[in-house]
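Chemist: My questions all concern the structure below.
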Amino acid sequence: FLLEHVSLKNCLALYELAYAHGDQALLRVAMRHVSLNFRHLAQEDKSFLNLQPSTLISIISSDSLVVPSEWVVYQAVWRWMKFQASSRRPFLSEVMRHVRLPLLTQEELREAQLELQCEGDVRLRWKRLNRQERLQECGGLRQGMYSPCIVCVDLFSMEGPELKTKDFQVGCFDPQTEKWEKLPPLKCLYCTRCVAVADKLYVAGGVHTDDSYSDTLHEYSSFRGRWTQLPSMSTPRASHGFLSCSQKLYAVGGWCRYEDYLDSAECFDLVVRRWTPIARLPYTLSHFAATVLKNKLYLIGGVTDTEYYNTIYYWEPGDHKWIQ
């Protein structure tokens, strides 16, 4: 009943109820309303001022808040604290740790410092950071601070004479402006694979114009506007599966030379920046469809040198084999 009746008027109250009782389904639905309307709720809804500290922290810790700047979050926290200053002052330091202060402008930071210095027991670290360091320090942008775009990677399915002179193109389409722009190109590749994780694009493997197979992994940062080469895979791959799940990239199967099929698979940890092997496929396989669902990797169909497959296999991180 509650799931079907979450609204702007009651989403904060239902979120707090769900948070207190650990009701994940209701928590997700209520949080969706809170995220989309955070600014309005923080400014206009009196129930926001009555949130418990732990509930407020769980809300402002979310990446999904649709806010144009972190100043909106800071002002919401400050308003919440001032509503019951004497009883909430002991919690202010802990709550403020979840405000992404590095995302504030210099003017906003100065104003925040002046306000917080009036609270003598509040101790926060203030650092001078460049743009990339600010993003790393705070854990990234919230949903309302960027515009999603569609990236079209120039993936060639077969070799052609134009590849000898043509760069690997990456186009970016902005649905709001309905305009295309080109991102910085990579060197010529075909049969490569790509995947997006948050604000970054990853391209792995492929075939060079001299017909050599690539083991490289490249990362494109939308904030830096350039490609960076990361540690290479253990083996060259093309026409392979390339997936992301829980801050890890997975390269599966493919071929390492023309019609030299692979059954190996490996995982790249985006935090420690290192490749490790995972369970091998039951047989060599390439040119399959692949996706991630509920923390499991799925492979659909595919071919080898002698056979086309209509099978579906899945693998869950930590397992020792793929399951049909």
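The values are calculated or read from the model by the stated rules, or taken from the named source; none is laboratory data. This is a predicted model, so every value here is computed, not measured. When we count neighbours, we look across all protein chains shown, and the Cβ atoms used for this are built from the backbone with ideal geometry, even at glycine.
Chemist: Residue check, PHE1 against (1) farther than 22 Å from PHE83 by Cβ; (2) outside any loop (DSSP other than H, G, I, E, B), all met but one. Which one?
Modeler: (2)
Chemist: Further question: Given the structure, is THR177 more than 23 Å from LEU293 (Cβ to Cβ), modelled with pLDDT under 90 and either β-branched (Val, Ile, Thr) or not assigned by TED's automatic domain parsing to the domain that holds LEU299 (or both)? Reasoning before the result, please.
Modeler: Working: more than 23 Å from LEU293 (Cβ to Cβ): yes; modelled with pLDDT under 90: yes; either β-branched (Val, Ile, Thr) or not assigned by TED's automatic domain parsing to the domain that holds LEU299 (or both): yes.
For THR177, the condition - more than 23 Å from LEU293 (Cβ to Cβ), modelled with pLDDT under 90 and either β-branched (Val, Ile, Thr) or not assigned by TED's automatic domain parsing to the domain that holds LEU299 (or both) - is met.
Chemist: Of everything in region 284-320, what is among the polar types (S, T, N, Q) and either in a strand (DSSP E or B) or surrounded by fewer than 12 Cβ atoms within 10 Å (Cβ to Cβ) (or both)? Give them in sequence order.
Modeler: Our first condition is that a residue be among the polar types (S, T, N, Q); within region 284-320, this holds for 284, 286, 291, 295, 304, 306, 310-311.
Passing the criteria: SER286, THR291, ASN295, THR306, ASN310.
Chemist: Here are some conditions: (1) β-branched (Val, Ile, Thr); (2) without any contact (Cβ under 8 Å) to a residue 40 or more places away in the chain; (3) buried (at least 20 other Cβ atoms within 10 Å of the Cβ). ILE323 meets all but one. Which one does it not meet?
Modeler: With (1) β-branched (Val, Ile, Thr); (2) without any contact (Cβ under 8 Å) to a residue 40 or more places away in the chain; (3) buried (at least 20 other Cβ atoms within 10 Å of the Cβ) applied to ILE323, the lone miss is (3).
Chemist: How many of the residues making up region 225-244 are within 23 Å of the chain's Cα centre (by Cα) and surrounded by fewer than 15 Cβ atoms within 10 Å (Cβ to Cβ)?
Modeler: So the answer is 5.
Chemist: Looking at region 273-283, is at least one residue buried (at least 17 other Cβ atoms within 10 Å of the Cβ) and either under 24 Å from PRO148 (Cβ atoms) or polar (S, T, N, Q) (or both)?
Modeler: No, region 273-283 has no match at all.
Chemist: I would also like to ask the following. State whether one or more residues within region 252-259 are acidic (Asp, Glu), surrounded by 12 or more Cβ atoms within 10 Å (Cβ to Cβ) and assigned to a loop (DSSP other than H, G, I, E, B).
Modeler: The answer is no; no qualifying residue exists.
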